[in-house]
């Protein structure tokens, strides 16, 4: 019984209302400590089992197949909102990536020139002081490129940007596949059908027609 209930994602309280029993009784039945009263739970359970198989009984008590309801079409608004959010975040990442690339340029220029500077064979005022200066300039360039603006930090931004661009492409394709948004006055929501009685309890008509 719990398998049938879980198949439809029903809580014990929801399923108990469908069967016309209280939740405590259903819990005892599912745990095997009590048998479900057949006159109360039999027919509703049979209807749900038939419904799980896409079947029902017609007026002549014949088992007939019934077409399932289609899944609701995704709403445009949440997808469009997420698309706008992704596009905004992607724009910020592109801006940050360009900033890192500009910041990295002078440090890359240092590394490109350092071998030539170190290989200088002409006269210098102080070889020791010059070597210390070159070491400090190289160390700063490497530290900035490794930790702040070089290939590693840029790659982290690029991977984030690639993920956002993938989402953008998927959202644009999903929105293009949806029917166009309807303009004009919004229709009022449909009125809920009145509850029906089953097993001595009033239950929503939507569940009453689940089979």
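Nothing in this text is a laboratory measurement; each read-out follows from the coordinates by a stated rule. Treat the numbers as computed from the prediction; the structure is a model and nothing was measured. Neighbour counts run over all protein chains shown; Cβ positions are idealised from the backbone, glycine included.
Give, in nm to one decimal, the length gained when the segment between residue 136 and residue 87 is fully stretched (0.36 nm per residue of separation minus the Cα-Cα distance).
13.5 nm
Could you line up 95, 8, 107 from fewest to most neighbouring Cβ atoms inside 10 Å?
95, 8, 107
List the relative contact order of segment 56-171 as a percent without decimals, with contacts defined as Cα pairs under 8 Å and 6+ residues apart.
The value is 38 percent.
For segment 51-172, what does the alpha-carbon gyration tensor say about shape, rounded, prolate or oblate, given a ≥ b ≥ c as the root eigenvalues, a/c under 1.5 as rounded, and a/b over b/c as prolate?
prolate
Treat each spin label as a single point 7 Å out from the Cα along the C-beta direction, and report the residue 76 to residue 3 distance in nm.
So the label points at residue 76 and residue 3 sit 4.5 nm apart.
State, to one decimal in nm, how far the label point of residue 65 lies from the label point of residue 50, with both points 7 Å from Cα in the Cβ direction.
Going from the residue 65 label point to the residue 50 one covers 1.7 nm.
So if R0 is 41 Å, what FRET efficiency would residue 178 and residue 96 give, r being the distance between their Cβ atoms, rounded to the nearest 0.05?
0.80
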